[in-house]
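J.: One structure coming up, written as structure tokens, with questions to follow.
The values are calculated or read from the model by the stated rules, or taken from the named source; none is laboratory data. Treat the numbers as computed from the prediction; the structure is a model and nothing was measured. Cβ: placed from backbone, ideal geometry, glycine included. Neighbour counts: every protein chain shown. When the accessible area is computed, the model is the full protein with side chains, heavy atoms only, and any ligands, DNA or RNA have been set aside. Shrake-Rupley method; radii C 1.70, N 1.55, O 1.52, S 1.80 Å.
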Amino acid sequence: QSWREQLAHSLLAAAAEATGCAAPQPAWLAQLPRSYSRYGDLALFPEGTLDHPSFAELAASGRLWPTVCGLLKVRRLAVVRRVARDGVRSSRSRLLYTEPGCDPASATVATCVEHGVSLSWDIADCMFSRGNAAERHRLVPLVAAAAADGSESCIVDLFAGIGYFTLPLLARTGIAQVIAIDWNPAALRWLRRNLQNNRIGESRCRVLQGDNRLVAPAGLADRVLLGLVPSSRLSWPAACRCLRPAGGWLHVHENCDSPREATGCNKDHPNADGSDKDSEDASRTDKDLSVRGSSDGAFGGLAITSNCFYKDRAATAAAHAAFLNSPHAPAAELPPPDAADCDEDPLAEAAETPPVCSRSRPHPAWLSMAASMARELRRHMPPGWRVRVARIQFVKWYAPRVAHLVFDVECRPAG
Ligand SMILES: C[S@@+](CC[C@H](N)C(=O)[O-])C[C@H]1O[C@@H](n2cnc3c(N)ncnc32)[C@H](O)[C@@H]1O
């Protein structure tokens, strides 16, 4: 019997005990989770599961959640809730149950160990996406080699969160310094704690709290990480300013609409049903948000169905207004986003310098996005700089036919 079948049986038993009726109730059967994430002794169920009021009623018998804990061999149960629309992407995951004896002070703390790097966070405060694990470690060998030969010494992580990218780079390479920026104080508290837990000296990580468009340092970085989906576009000008006079690399995360009919390239979709393989954890909440096109603070409404967000000026203006009215708004006035020139044929440029793609058959929309990205980034660089998208890295399916991609962009002064 699978854990899911056993879970259904436990629910039936609890229902029989509580109501005297063992017939499955469609309302709660529909909410049985198909998957869950396990972080140590915590099982985290996807959003929209185990949420029906009748679960609370069944749980009142006192036997349901302990049985589920026994089934999954965990001591704590929680359900992911949608990432908050507050621009800081705070999570609102909800604790269902903790076994007696669990420390109440750390009841909502999760820890994940990847490649020897330990990341902890509070599921009630911060988000974490397991589906980005491979990407978190892809840059490690590149940075390790560049740090070892002395060609790179500084990385700026514009969306550092709890240290998703900062930590593996500091822990597993000899890079001298990472400048980690986030405007969410809760995330930065966990980042600092994660630095300590991984015994990384404070001198190697400068933590800056604030809007990266205002606080990012200029002219220091060999690499800039832009780990925000659906789009990091509003911070592209700041990222360009971060680079050293000798240039460097931008690692730009974007969601790209990738219609199936164009190439059939979704054949190698990780899940047969076209869903996100990461659906078991917090990224699912991102996915739902993006699919419904809801507003999410500074970045919401930036139509992910378009390859050029600034085409939708009304949405961009609305997103800015939402952010400026949020508690995270900076004291200083933000410059308006530059208007991108979206009218040229993006494929013409892609054909000149085709990027390498992690997939054998890149979707045409990915190449198109790479070309328009290179063109827009060039506009934020000093005159004469060369901007080249060297690689398109597929990270995961964020939603059916919406690919989370990372573009490795090299920016250098000419000559
Ligand atoms: C989605 S999380 C990062 C996810 C991560 N890349 C991963 O792999 O799981 C994005 C972080 O960026 C922060 N953020 C968003 N916009 C920002 C801005 N303009 N300045 C600083 N931090 C920002 C949010 O507070 C959040 O902690």
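J.: For segment 161-179, name all the residues that are under 15 Å from Leu119 (Cα atoms) and either without any contact (Cβ under 8 Å) to a residue 60 or more places away in the chain or charged (D, E, K, R) (or both).
T.: Within segment 161-179, Ile162, Gly163, Thr166, Leu167, Pro168, Leu169, Leu170, Ala171, Arg172 meet the criteria.
For (1) farther than 30 Å from Ala110 by Cα; (2) modelled with pLDDT of 95 or more, each residue gets a yes or a no:
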position: Ala180; (1), (2): no, yes
position: Arg192; (1), (2): no, yes
position: Leu195; (1), (2): no, yes
position: Gly201; (1), (2): no, no
position: Ala218; (1), (2): yes, yes
position: Pro237; (1), (2): yes, yes
position: Arg244; (1), (2): yes, yes
position: Trp249; (1), (2): yes, yes
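J.: Still on this structure, I have one more. Report, by residue number, each residue of segment 52-91 that is under 15 Å from Leu7 (Cα atoms), in a loop (DSSP other than H, G, I, E, B) and either at pLDDT below 85 or open to solvent by 10 Å² or more (accessible area, probe 1.4 Å) (or both).
T.: Once the filter is applied, which keeps residues that are under 15 Å from Leu7 (Cα atoms), in a loop (DSSP other than H, G, I, E, B) and either at pLDDT below 85 or open to solvent by 10 Å² or more (accessible area, probe 1.4 Å) (or both), segment 52-91 yields Arg63, Lys73.
Conditions (1) modelled with pLDDT under 55; (2) outside any strand (DSSP E or B); (3) closer than 23 Å to Asn212 by Cβ; (4) not assigned by TED's automatic domain parsing to the domain that holds Leu226, marked per residue:
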residue: Cys342; (1), (2), (3), (4): yes, yes, no, no
residue: Ala348; (1), (2), (3), (4): yes, yes, no, no
residue: Ser368; (1), (2), (3), (4): no, yes, no, no
residue: Arg375; (1), (2), (3), (4): no, yes, yes, no
residue: Arg378; (1), (2), (3), (4): no, yes, yes, no
residue: Val387; (1), (2), (3), (4): no, no, yes, no
residue: Ala403; (1), (2), (3), (4): no, no, no, no
residue: Asp408; (1), (2), (3), (4): no, no, yes, no
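J.: What do you reckon, is Trp190 of a type in the set (Phe, Trp, Tyr), under 29 Å from Leu243 (Cβ atoms) and more than 9 Å from the ligand (Cβ to nearest atom)?
T.: yes
J.: Let me ask something else about it. Here are the criteria: (1) within 16 Å of the ligand (Cβ to nearest atom); (2) open to solvent by less than 20 Å² (accessible area, probe 1.4 Å); (3) free of Cβ contacts under 8 Å to residues at least 40 places away in the same chain. Tell me which single one Ala43 does not satisfy.
T.: Here Ala43 clears every test but (1).
J.: When segment 191-209 is examined, which residues are found to be buried (at least 17 other Cβ atoms within 10 Å of the Cβ) and part of a loop (DSSP other than H, G, I, E, B)?
T.: Asn198, Ile200
J.: Are any residues in segment 127-149 in contact with a helix residue (DSSP H, G or I) (Cβ under 6 Å, 6 or more places away or on another chain) and without any contact (Cβ under 8 Å) to a residue 60 or more places away in the chain, and if so, which ones?
T.: Of everything in segment 127-149, those that are in contact with a helix residue (DSSP H, G or I) (Cβ under 6 Å, 6 or more places away or on another chain) and without any contact (Cβ under 8 Å) to a residue 60 or more places away in the chain turn out to be Arg136, His137, Val140.
J.: Just checking, which of Ala186, Ala176 is surrounded by fewer than 23 Cβ atoms within 10 Å (Cβ to Cβ) and under 20 Å from Glu152 (Cβ atoms)?
T.: Ala176
J.: Is segment 136-156 home to any residue that is open to solvent by less than 40 Å² (accessible area, probe 1.4 Å), within 14 Å of the ligand (Cβ to nearest atom) and of a type in the set (Asp, Glu)?
T.: no
J.: Does segment 388-412 hold any residues that are surrounded by fewer than 20 Cβ atoms within 10 Å (Cβ to Cβ) and within 18 Å of Arg375 (Cβ to Cβ), and which are they?
T.: If the condition is that a residue be surrounded by fewer than 20 Cβ atoms within 10 Å (Cβ to Cβ) and within 18 Å of Arg375 (Cβ to Cβ), then Arg388, Ala390, Arg391, Glu410, Arg412 are the ones that fit.
J.: So which residues in segment 218-255 are closer than 19 Å to Arg206 by Cα and open to solvent by 20 Å² or more (accessible area, probe 1.4 Å)?
T.: Ala218, Gly219, Leu220, Gly227, Arg241, Arg244
J.: Looking at Ala180, Ala147, which one is more than 15 Å from Ser37 (Cβ to Cβ) and assigned to a strand (DSSP E or B)?
T.: From the options Ala180, Ala147, the qualifying one is Ala180.
J.: For segment 210-258, how many residues meet the condition of being in a helix (DSSP H, G or I) and aliphatic (A, V, I, L, M)?
T.: Residues meeting the conditions: 5.
J.: In addition: Looking at Ala171, is it under 17 Å from the mean Cα position of the chain (by Cα), surrounded by fewer than 21 Cβ atoms within 10 Å (Cβ to Cβ) and assigned to a helix (DSSP H, G or I)?
T.: no
J.: What number of residues within segment 174-195 are under 24 Å from Asp222 (Cα atoms) and charged (D, E, K, R)?
T.: Residues that pass the stated criteria total 2.
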